[in-house]
Amino acid sequence: AATTQFTAIEITNMQIELAKLGFTTEQIEASTEAVSNFAAATGADMAAAAKVAGSALRGFNMDASEMERVVSVLGVATTKSALDFQAYESSLSKIAPVANAFEFSIEDTTALLGQLANAGFDASSAATATRNILLNMADAGGDLAIALGRPVKSADDLAEGLKELQADGIDLATALELTDKRSVAAFETFLKGSDTLVDFRDSITDVNDELKAMAEKRLDSVQGQLTLLSSAWDGFVLSMGESIMASEGLKNILGFLAENLEG
């Protein structure tokens, strides 16, 4: 807490949420910085950020060592689409396990949700429609799987199949035959966005540095520095609780003041 914008209580609440999801002490410690950056970059509550990030990681059956990848994808996508943190809270629990079962990555899935968010879909509807479309594609003998003409296990596969359908001049009646009524609007959105789906996916891949820059930018202001100062003071007060730590706590707070309040 003494070195981030978050208080010790906020950090603790975040770690408790990860513990609820079955993270070990070592995994929680390794994930703390990444989740803190995610919360800082999106302006989310720390506990909520931990719950979303942890659930996404579990939903896609990823190792805890990939937490930075998870939060970077989610965080940066909010700057390149209409997705926001609330959208993740509403959608990821519905779509992540299904998407993972059909080998779609978190980057692929976030790109699909981003396209629907840009088209004005609410998060719950977007997740439900995307899940239904994936389930339709999973039926090898179903109309959609046959129309796409290939196994679909990534955004690349889906984009190629959609481009071919669009070139064939698919109409609404055909789209209804390939999917269900609740998903047809989402399917048409994916059709129209087939040229940009992969580009968007690629733009939110390997973006760890971008997330860190987002977090730093939010604190690069007078208000941000005051937030850091408040958190540093919180850390100092806690350190004073044990006399053996008192001198180190004083050194940290004085060092922070010297570095951040020059001039």
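The values are calculated or read from the model by the stated rules, or taken from the named source; none is laboratory data. Just so it is clear, the structure is predicted and the values come from calculations on it, not from any experiment. Here Cβ is always computed from backbone atoms with ideal geometry, including for glycine, and neighbour counts include all displayed protein chains. Protein only, heavy atoms only, side chains kept; ligands, DNA and RNA dropped before computing areas. Shrake-Rupley method; radii C 1.70, N 1.55, O 1.52, S 1.80 Å.
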Only one of (1) among the hydrophobic types (A, V, I, L, M, F, W, C); (2) open to solvent by 50 Å² or more (accessible area, probe 1.4 Å); (3) within 27 Å of ASN118 (Cα to Cα); (4) part of a helix (DSSP H, G or I) fails for ALA30. Which number is that?
(3)
Among the residues of the range 166-183, is any within 28 Å of the chain's Cα centre (by Cα) and part of a helix (DSSP H, G or I)?
no
ALA215 vs. criteria aliphatic (A, V, I, L, M), modelled with pLDDT under 90 and within 20 Å of the chain's Cα centre (by Cα):
yes
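Listed here are the residues, each with its yes/no results for (1) modelled with pLDDT of 95 or more; (2) within 10 Å of the chain's Cα centre (by Cα).
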residue: ALA2; (1), (2): no, no
residue: GLU29; (1), (2): no, no
residue: VAL52; (1), (2): yes, yes
residue: PHE60; (1), (2): yes, no
residue: VAL71; (1), (2): yes, yes
residue: ALA82; (1), (2): yes, no
For the range 75-133, give me each residue that is open to solvent by 50 Å² or more (accessible area, probe 1.4 Å), of a type in the set (D, E, K, R) and within 19 Å of LEU191 (Cα to Cα).
ASP122, ARG131
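Does LYS153 count as out of contact with any His (no Cβ under 8 Å at 6 or more places or on another chain), closer than 23 Å to ARG218 by Cβ and either open to solvent by 70 Å² or more (accessible area, probe 1.4 Å) or basic (Lys, Arg) (or both)? Steps first, please.
Values: out of contact with any His (no Cβ under 8 Å at 6 or more places or on another chain): yes; closer than 23 Å to ARG218 by Cβ: no; either open to solvent by 70 Å² or more (accessible area, probe 1.4 Å) or basic (Lys, Arg) (or both): yes.
No: the conditions fail for LYS153.
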Which one is surrounded by the fewest Cβ atoms within 10 Å (Cβ to Cβ), of the residues in the range 167-210 that are touching a Ser or Thr at 6+ places or on another chain (Cβ under 6 Å) and not aliphatic (A, V, I, L, M)?
ASN208
